[in-house]
Every structure is written in C-alpha cells, then in structure tokens.
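Notes follow once the structure below has been shown.
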Amino acid sequence: MKGADYIAETLSRHGVKDVFLITGGACAFMVDAISRHPAMRYFCFQHEQAAAMAADAIWRVDGSMGATMATSGPGATNLLTGIACSYFDSIPSIHITGQVNLGETKAYGGAKVRQAGFQETKIVEMARPITKYAAQVHDAASLRRELAKAIYIANSGRKGPVLIDVPMDVQQIDVGDTIEMADALQAQEPSATEAVDKSIQQLEAVLKSAQRPLVLFGAGVGLAGTEKALSEWLQRYDIPFVSSWNGLTYFDHDMPSYLGAIGVYGNRGANFVLQNADTLVVLGSRLDNRQRSGNSKNFAPAAKVLVIDIDAEELRKYQSDGYATSELDLKHLAKVLEKVEPPRSSNAWREYVGEMKALFFGRDISTTADEHGTMSPYGAVQKINGMIDRDAIVVADCGANLCWVYQIFHRTNQVLMTAGGHSPMGYSIPAAIGAAIREPRRQVVCFIGDGGFQINLQELQTIRQYKLNITIVVMNNHGYGIIKQFQDSYLGSRYEASGNGYGMPDLARLSQAYDLDYASIDKVEDIDPKLFAKSGSRLIDLQLHPHTLIEPRLEMGRPINDQSPYADRAQFASNNRFVPFESIARPR
C-alpha cells in the first residue's frame with residue numbers, strides 16, 4: 001500500500017467519510033487515493049479556510065471527526081483560521097497537508113534557508129500553537145505511527161484539531177498493509193477513580209451549606225457526552241442553572257429551572273441570578289472574559305465557586321480568584337452526580353429565581369426597533385425559531401447577528417452552533433455547508449451579517465455545485481453593527497471602517513448568479529414558512545436599521561448584572577436583593 005492509500009484507509013477506519021479540500025500539486029496523490037477509496041468522498045471548496053470551517057462543523061453535528069486536505073504553502077496556511085475555530089472550542093478534526101519532497105530540503109545540506117522547494121512552508125511550526133498535535137512524517141514508520149497518534153490525541157482528553165504534514169515522496173512510498181489504529185493507545189490512559197472521588201468530595205463540600213445554589217452548564221459537558229446525565233440531575237432536583245453560549249446546544253431550553261445564558265451579552269435574569277448566588281458550580285466552562293467581564297472580581301462576588309474541568313491549565317488561572325477547582329474528565333460526571341446530595345434552595349431563592357425568569361427569559365427588548373419602526377432582529381429570530389424543525393441545524397456567525405441569535409433562540413432538539421472562541425467573520429456559511437453535506441435530509445439554517453457574508457461568499461459556488469439544502473439568513477444592518485455600537489460608547493459615534501468606507505454588493509443579483517432563491521424582508525410578519533423549505537438553497541435578506549443595537553450589552557467597568565440599557569435604581573436594587581451593588585453609579 002502506498003502512503004497516500006494508507007492515509008485514505010486509515011481515515012476511513014477511524015470514521016472519516018468525507019474530506020473537504022482544494023487540490024494542488026503537493027496533495028494530488030492523496031486526493032487521488034481518496035477518490036479511489038470505496039467508502040470515502042471528497043468535496044471541493046473554493047478556499048481552504050472554508051474547508052477547515054466545514055470540517056469543524058462535522059463533529060458539532062454528529063460527533064464524528066471532520067477532515068481536510070490541502071497542498072503545501074498557501075493551501076496549508078489558508079487552513080489556519082478554520083483550525084483555530086476547532087482549537088479554541090475543543091472540536092476534534094484532522095488536517096492533512098502535502099509538502100515538498102524531502103529530498104528538496106536535504107539538498108541544501110542543513111542550511112537554514114527560508115524556502116527550499118516551491119511553495120514549501122513550515123506549516124507544522126505555524127500550526128502547533130492552534131492544534132493539539134502537529135507533526136511532519138518522514139518515512140513509512142513515522143507515517144503509520146504519527147497518523148494513529150494524531151487521531152488518538154484529537155479525540156481524547158480535551159479534544160481538538162491535529163495536523164499531519166506529508167511530503168510528496170512519503171505519499172508514494174510503500175508502507176505495508178497493516179493499519180495502526182488509535183484505539184491501541186487507549187490502554188495507556190490512567191484510572192479516573194481518584195479524580196472522581198476528589199470531585200465528589202469537593203462538590204459535596206460546596207453544596208452542603210448552599211442556600212442560593214446555581215449551576216453553570218458549560219460546553220465541556222456536551223463535549224464529554226454527559227449532557228443527558230446532567231440534564232436529568234438538574235431536572236430531578238429542580239436545580240437552577242444557566243449556560244455558556246457553547247453549552248446552549250446540549251439541553252432542552254424548555255427545562256423549568258433553566259434561566260438563560262450568562263455574560264457580556266447574556267440574559268439579564270440569568271446574570272442577576274448568578275450575581276446573587278451564594279454557591280456556583282461551573283461544569284466544563286473556561287469562564288472567559290465574555291462571561292465574567294474584564295474584572296473577574298466582580299463575577300459571582302458573594303458565591304463559593306467550584307470549577308470542574310478537564311484542563312489543569314484552565315484551572316490554574318483561577319488561583320488568584322480563590323475558586324475551588326477539580327480536574328476531571330467530564331465523561332465521568334454521572335459517577336459524581338449519583339453520589340452527591342443535591343443542594344436545598346431556600347424558599348426565598350426559589351421565589352427570586354422564578355421572578356427573574358418571568359421578567360427576562362425569552363423577552364424581545366429591542367428598543368431601537370421600536371424607536372425606528374423597523375424590524376426587531378430578536379422578533380425575526382423568534383419567528384424563524386418557531387417555524388423550523390425541532391431537529392434543524394442552526395449556525396450563527398459572529399458579531400451582532402451572533403448575539404441576536406444566541407440571546408433569543410430557544411433550542412429544543414436543534415443543533416445550535418457557532419465558532420464561539422475564535423468567532424471569525426464568515427464562519428457560518430462553510431459550517432452550514434459541512435452540516436448539509438453530513439445531514440442532507442435535515443433542515444440547515446445559516447444566520448450571518450452582511451459584513452461576514454462577504455468573507456466566504458465564494459462558497460456559494462460550493463452550495464450550487466453540490467445542490468445543498470441551505471437557507472442563508474442575512475441580518476442586514478448595512479455595516480459592522482457590533483463595532484458601531486462600540487464606537488457609540490467609546491469613540492464619539494465615529495463609524496470609521498464600520499460604516500464609513502464600508503460597502504456591499506447587490507444581494508439579489510449575487511443570489512441570481514449562484515442560483516439561489518432570494519427574498520428581501522423588512523417586516524417580521526412577512527417571514528413565511530415557505531422560505532424555509534428543506535429542499536433547495538435560498539438567501540433571505542432581512543432589512544434592519546443600520547443602528548439596530550444588541551440589547552442587553554455590558555459596557556466596560558461594570559459587572560455582568562449591570563447591562564445597557566440600564567435599569568433605574570429601584571429596579572436594579574430589587575433585582576439584586578441578596579447581594580448589594582450600591583457602589584455602582586446608577587442613572588437617575
């Protein structure tokens with residue numbers, strides 16, 4: 001078996017069905033091997049960045065590893081933005097890059113030239129900071145060893161992307177017919193008994209005195225596959241809980257004790273409850289500054305905080321915060337929960353939690369839409385939410401459109417996804433493509449802004465080429481809305497490069513060029529279920545006022561329970577009845 005054929009067979013035996021790629025001289029042997037493999041397919045993208053973003057979506061949709069192939073030099077470097085999406089969100093994916101012949105590098109006798117072969121680039125060194133593992137192979141033995149090792153690393157522990165760089169001559173050598181499997185490395189994993197016991201002790205210790213308990217449902221729970229066990233525990237004991245944004249796709253938002261997502265753009269009620277809790281248990285969330293704000297000391301200031309997470313480095317950062325921490329692979333979470341006595345909320349806390357949910361959960365509070373008499377993005381998302389299938393795949397992009405979707409979307413059984421940590425413009429179109437390829441019979445809805453739409457609009461040809469069933473919803477505020485709102489707050493409403501200098505094409509004519517059905521909508525009531533048919537592709541152009549705001553939103557220097565638009569003094573005090581925040585300057 002040649003090296004290229006070995007790669008195809010190894011990927012197939014590890015569950016990879018589809019490879020997303022652009023061909024090139026340095027990867028042509030591997031692409032040909034994929035084409036000849038009876039259980040594999042390849043899909044041609046227009047940009048390697050989009051191929052990597054589509055591969056990122058595969059695990060989010062069905063729990064299997066996505067894969068790309070790219071040629072050396074610019075093909076390989078173009079993958080990096082998409083790879084970073086997987087790295088920061090702990091999504092397993094594998095990226096195979098072609099490289100120039102080893103002999104071309106050796107010909108220079110060890111001299112450290114910038115480039116030996118044409119399009120030679122040290123992609124391994126570039127990719128290492130944003131992959132769990134990256135390596136170049138040099139012979140048959142290292143190809144067999146490194147490919148199995150990379151696949152194992154991608155799917156074990158805190159998951160993430162890996163990259164294997166394969167010189168052209170290694171692609172053509174004989175490597176034998178025995179496939180090395182990643183499963184053989186699993187026997188090396190240490191026992192989790194000690195970690196489970198420690199987590200049980202720490203969780204019991206923090207819950208036993210709780211009067212105002214709260215759980216934060218992080219994406220790590222879903223990544224570990226224990227979302228069902230946690231949901232059942234929360235529901236059985238009616239324990240109040242909130243979520244991170246990347247955690248939102250892992251449970252039914254109809255659960256009575258669920259209050260909303262927290263953070264800078266979080267739900268007001270969820271933020272109030274978290275800030276007034278006396279006990280906070282964080283499961284599988286890294287608590288970045290979009291959750292805690294720039295000042296972590298203002299986060300859950302009266303609470304005993306316990307963070308349970310798989311990553312020891314993430315836990316180390318809480319040393320100065322005084323949080324209790326427990327290192328645990330959350331695939332063992334069910335063993336912990338079954339041994340722990342659930343917390344007993346006080347009657348006053350239960351009453352307060354219910355009040356906050358009634359006031360703020362699922363509420364469209366778009367003041368700018370009312371002010372300008374234009375479409376509310378929240379109203380539009382709610383209308384679409386009510387029309388689509390319970391098992392639809394919904395992808396949001398970045399910036400304002402991401403906030404509008406994630407602030408109001410009510411997930412039941414849908415897949416709700418975005419590149420939460422890296423959050424690049426243009427992610428949602430290729431991610432929707434990956435989803436539609438993997439799940440052709442499911443409804444796929446892609447939300448994106450007019451700015452982000454232009455980053456990967458070349459992939460409309462990929463949709464056209466493969467006749468994919470995707471509905472693209474452009475939330476068109478004619479500029480970079482989230483930046484404009486920042487400029488309103490801190491730069492005197494000077495819309496440099498967010499409005500001034502910004503331009504966009506005619507979306508109707510562009511849709512026609514790519515054989516997309518097109519509809520322009522300026523009223524929520526005109527959003528029709530027919531626009532979301534499962535077959536065919538279309539672009540829905542939702543017309544928003546250029547100054548439509550993200551509401552609520554945290555401004556710098558304030559704790560997460562003090563979002564704009566600001567509540568008056570009396571309302572703010574009532575909503576913070578357990579923990580006083582009088583030191584905050586309140587508008588009169």
(request) Report the relative contact order of the range 193-360, percent, no decimals, based on alpha-carbon pairs under 8 angstrom and at least 6 residues apart. (result) 32 percent
(message) If you average the C-alpha positions of the range 245-308 and of the range 483-498 separately, how far apart do those two centres end up, in angstrom?
(response) 28 Å
(request) Please get the size of the charge dipole for the chain, origin at its Cα centre, with Cβ charges of +1 on Lys and Arg and -1 on Asp and Glu, quoted in debye to the nearest 20. (result) 680 debye
(message) So for each of 354-362, 267-275, 18-26 I average, over its residues, the number of other beta carbons within 10 Å; can you give me the resulting order with the highest mean first?
(response) 267-275, 18-26, 354-362
(request) Whole Å is fine, so just give me how far the alpha carbon centre of the range 50-99 lies from that of the range 381-459. (result) 18 Å
(request) Set Lys and Arg Cβ to +1 and Asp and Glu Cβ to -1, take the dipole of the range 367-543 about its Cα centre, and tell me which of PRO377, GLY501, LEU539 lies farthest positive. (result) LEU539
(message) Once you order the gyration tensor axes a ≥ b ≥ c over the Cα atoms, which shape class does the range 277-385 get: rounded for a/c under 1.5, otherwise prolate or oblate by comparing a/b with b/c?
(response) prolate
(message) Can you give the local net charge around LEU507? Use residues other than it whose beta-carbon is closer than 9 angstrom to its beta-carbon, Lys and Arg +1, Asp and Glu -1.
(response) -2
(request) For the chain, calculate the relative contact order in percent as a whole number, restricting contacts to Cα pairs under 8 Å that are 6 or more residues apart. (result) 13 percent
(message) Give me Rg/Rg_expected for the range 488-563, where Rg uses Cα atoms only and Rg_expected = 2.2 N^0.38 Å with N residues.
(response) 1.56
(message) How large is the convex hull of the C-alpha atoms of the chain per residue, in Å³?
(response) 163 Å³
(request) Let me know the shape class of the range 197-317, please: from the alpha-carbon gyration tensor, a ≥ b ≥ c as square roots of the eigenvalues, rounded when a/c is under 1.5, otherwise prolate if a/b is greater than b/c, or oblate. (result) rounded
(request) For each pair in LYS122/LYS149; LYS383/LYS534; LYS304/LYS484; LYS159/LYS304; LYS357/LYS523, compute the distance between the two Cα atoms and list the pairs where it is over 26 Å. (result) LYS304/LYS484; LYS159/LYS304; LYS357/LYS523
(request) Can you tell me the order of 128-139, 394-405 when each peptide is scored by its average per-residue count of other Cβ atoms within 10 angstrom, highest first? (result) 394-405, 128-139
(message) Which order do the peptides 432-441, 200-209, 221-230, 65-74 come out in when sorted by mean C-beta neighbours inside 10 angstrom, highest first?
(response) 65-74, 432-441, 221-230, 200-209
(request) Write down, largest first, the equivalent ellipsoid semi-axes of the range 3-188 in whole Å, where each equals the square root of 5 times an eigenvalue of the alpha-carbon gyration tensor. (result) 23, 18, 16
(message) For a test of the definition: using alpha carbon positions, the gyration tensor, and the 1.5 limit on a/c, classify the range 325-424 as rounded, prolate or oblate.
(response) oblate
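FYI, it's all coordinate maths here, none of it is from the lab. None of the values given here were measured: they were computed from a predicted structure. In this analysis, Cβ positions are derived from the backbone assuming ideal geometry, glycine residues included, and neighbour counts consider all displayed protein chains.
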